[in-house]
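Engineer: For reference, the structure I am asking about is given below.
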Amino acid sequence: MLMKCICGFVRPTSGTVTVAGKQIGKDCDFPESVGIIIETPGFIPYYSGYRNLKLLADLNKRIGKEEIQKAMKKVGLDPELKRHVRKYSLGMRQRLGLAQAIMENPDLLILDEPMNGLDKDGVSDMRKYLLELKEQGKTILIASHSAEDIEVLCDTVCEMDKGVLTKLRGFSK
């Protein structure tokens, strides 16, 4: 729910959400420069992965074929694959969701269980990539049940309990 509030999909019942100095719902409806995976990524099942991403990229007209292909390759997908998304495995759909989240080079990534459905090598590759993005100064908000993901990827760890956010630890790596 917190991630949906940050994205402007749901209004908080109390308090405010501010991203990059702008209050969501007052100064803007949706934060700028954000890549998102919340819950299960949804795509048009009878389109290829590339065609789905092209359709989404065409909405903002910020990127073209080269950036889409680069994002797909970065997450381990072949942009030339003609297979329809409905025939993708769970891991391939998750990778496509990750490609969609990163393809416009956002400053903020909001990722809900980003490793879901990925095999061991996919998890390792995605952790390395997220650490690269962190080194580039990107802000990454991750929800994960994996203690290892949290330990490896997170500088600050918070927990949500009955709508209350508590900081468990914050540190620099």
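The values are calculated or read from the model by the stated rules, or taken from the named source; none is laboratory data. A quick note: this is a predicted structure, and the numbers were derived from the prediction, not measured. A quick note on method: Cβ atoms are made from the backbone with ideal geometry, for glycine too, and the neighbour counts reach across all protein chains shown. These area figures cover heavy atoms from the full protein model, side chains too; ligands, DNA and RNA do not enter into them. Shrake-Rupley method; radii C 1.70, N 1.55, O 1.52, S 1.80 Å.
Engineer: Within segment 18-48, which residues are among the small types (Gly, Ala, Ser) and either surrounded by 13 or more Cβ atoms within 10 Å (Cβ to Cβ) or within 18 Å of the chain's Cα centre (by Cα) (or both)?
Structural biologist: Residues satisfying the conditions are 20, 25, 33, 35, 42, 48.
Engineer: State which residue pairs qualify: first residue within 17 Å of residue 2 (Cα to Cα) and among the polar types (S, T, N, Q) and inside segment 18-29, second residue at pLDDT below 90 and open to solvent by 70 Å² or more (accessible area, probe 1.4 Å) in any location, beta carbons under 6 Å apart, and separation of 6 or more residues or different chains.
Structural biologist: Every condition considered, the pairs that remain are 23/16.
Conditions (1) outside any loop (DSSP other than H, G, I, E, B); (2) among the β-branched types (Val, Ile, Thr), marked per residue:
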{"position": "14", "(1), (2)": "no, no"}
{"position": "23", "(1), (2)": "yes, no"}
{"position": "35", "(1), (2)": "yes, no"}
{"position": "41", "(1), (2)": "no, no"}
{"position": "44", "(1), (2)": "no, yes"}
{"position": "51", "(1), (2)": "yes, no"}
{"position": "54", "(1), (2)": "yes, no"}
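Engineer: Right, something else. Go through segment 107-136 and count every residue that is of a type outside the set (S, T, N, Q), within 24 Å of residue 5 (Cβ to Cβ) and open to solvent by 60 Å² or more (accessible area, probe 1.4 Å).
Structural biologist: 1
Engineer: When the residues of segment 79-100 are filtered to those that are under 18 Å from residue 117 (Cα atoms) and loosely packed, with under 14 Cβ neighbours inside 10 Å, which remaining residue is nearest to the chain's Cα centre (by Cα)?
Structural biologist: Step by step, filter segment 79-100, then rank; the result is 90.
Engineer: List the number of the failed condition for residue 117; all other conditions in (1) over 23 Å from residue 88 (Cβ atoms); (2) at pLDDT below 90 hold.
Structural biologist: (1)
Engineer: Any idea how many residues of segment 152-166 are touching a strand residue (DSSP E or B) at 6+ places or on another chain (Cβ under 9 Å) and in a helix (DSSP H, G or I)?
Structural biologist: Residues in segment 152-166 being touching a strand residue (DSSP E or B) at 6+ places or on another chain (Cβ under 9 Å) and in a helix (DSSP H, G or I): 1 in total.
Engineer: Moving on. Can you tell me which of 109, 98 is part of a strand (DSSP E or B) and closer than 18 Å to residue 34 by Cα?
Structural biologist: 109
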